[in-house]
Amino acid sequence: MIREMQAADHIHLRCPGNMGLLGALVQLFFPKKKKTAKYAGNWDPKAKQPWSYNLQKWILRNSFLTKNMQVLVYGDWPHQSKNVKPFFTATYTEADKKALPQRKYDLPLRFLFVGSLVSGKRPLYALELVNELISKGFPAELHFYGDGPLKELLLDFIAEQHLEKSAFLHGNQSASLLAEAYTKSHFLILPSKSEGWPKAIAEAMWWGVIPIATPISCVPWMLDHNDRGVLVDAELEADITKLEGLLKDKARLRYMAQKASEWSRTYTLDLFEAEIKKVL
């Protein structure tokens, strides 16, 4: 790694990770090289994270140790060192900007879960949330896009609660089929324990799908603190109470969907490439 960094014109790190940690240490010996780092995890200074993650963050933002580097992080965080730059990622281009579907928010409501079926993303909680809404008199469907080790657990819950006509597991699908699913849906549920830049949320917002998500990483900033989506705490009773009133307010839902789309459609691949050029 030392040999390659010595030969390079530009050093780029991707953190957090094992190689990122090694790279963060080795780059200290090259203070005159132009450098960038993409911190792809949760940059929130208050987040509880492994000590190795915190070590990488400390090295990267320490402008005394780390010279000539721009650190690209998800979200806009206060009181950061001068080398820390808020950044983003993107899925769609300017050419993908099509008219939003006109949603009436009539029943049944259509919910999406997009991501791996793993404990960190809490897909079972998404299913419990929709099941509770159905029991409260809100006919709804939940469509899962993704695969993972919790698939059988979800199928068991669906069978136990007789949700065969309300919950559907589609597995991994192509980007075009996923985009079609977004256009047909009202809400995205992503009650994750940890994220960096949750692309599923940004993609859903692009199509006017209202996110229901936990306030981790840069999600509160993405959702403008409940103006472009709904922040939940993964506490079933409290979250249901919060959603019940909102689901009856169709004007508010249309407003949130419009705001979500306007925000997401500023972050295109075209802009991403232009910003990368500036960084380099």
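The values are calculated or read from the model by the stated rules, or taken from the named source; none is laboratory data. As the structure is a computational prediction, the values presented were derived from the model and not from experiment. Every residue, glycine among them, receives a Cβ derived from its backbone with ideal geometry; neighbour counts consider all protein chains shown. These accessible areas exclude ligands, DNA and RNA; they are computed on the full protein's heavy atoms, side chains included. Shrake-Rupley method; radii C 1.70, N 1.55, O 1.52, S 1.80 Å.
Observations on the model:
- For the residues K85, K57, K48, the requirement of being part of a strand (DSSP E or B), under 17 Å from G196 (Cα atoms) and among the charged types (D, E, K, R) singles out K85.
Yes/no per residue for (1) touching a residue at least 12 places away in the same chain (Cβ under 8 Å); (2) among the charged types (D, E, K, R); (3) surrounded by 16 or more Cβ atoms within 10 Å (Cβ to Cβ):
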{"site": "I11", "(1), (2), (3)": "yes, no, yes"}
{"site": "C15", "(1), (2), (3)": "yes, no, yes"}
{"site": "L22", "(1), (2), (3)": "yes, no, no"}
{"site": "F29", "(1), (2), (3)": "yes, no, no"}
{"site": "K35", "(1), (2), (3)": "yes, yes, yes"}
{"site": "A40", "(1), (2), (3)": "yes, no, yes"}
{"site": "Y53", "(1), (2), (3)": "yes, no, yes"}
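- Hits in region 55-76 - residues which are touching a residue at least 60 places away in the same chain (Cβ under 8 Å) and open to solvent by 50 Å² or more (accessible area, probe 1.4 Å): Q70, D76
- For E132: the one exception among (1) farther than 30 Å from D270 by Cα; (2) buried (at least 19 other Cβ atoms within 10 Å of the Cβ); (3) of a type outside the set (V, I, T): (2)
- Residue check, T183 crowded, with 20+ Cβ neighbours inside 10 Å, modelled with pLDDT of 95 or more and in contact with a Pro (Cβ under 6 Å, 6 or more places away or on another chain): no
- Looking only at region 195-224, and only at residues there that are of a type in the set (D, E) and modelled with pLDDT of 95 or more, the one that is nearest to S185 (Cα to Cα): E203
- Entirely in region 171-234, the helices (runs of 4 or more DSSP H) that have 2 or more residues that are closer than 25 Å to Y39 by Cα: 199-206, 219-222
- Note on region 126-173: residues that are under 18 Å from P211 (Cβ atoms) and either among the basic types (K, R) or free of Cβ contacts under 8 Å to residues at least 24 places away in the same chain (or both) amount to 0.
- Every residue from region 77-95 that is among the charged types (D, E, K, R) and either exposed (fewer than 13 other Cβ atoms within 10 Å of the Cβ) or in contact with a Phe, Trp or Tyr (Cβ under 6 Å, 6 or more places away or on another chain) (or both): K82, E94
- Meets criteria (over 16 Å from the mean Cα position of the chain (by Cα), modelled with pLDDT of 95 or more, under 21 Å from K85 (Cβ atoms) and open to solvent by 10 Å² or more (accessible area, probe 1.4 Å)) for L269: yes
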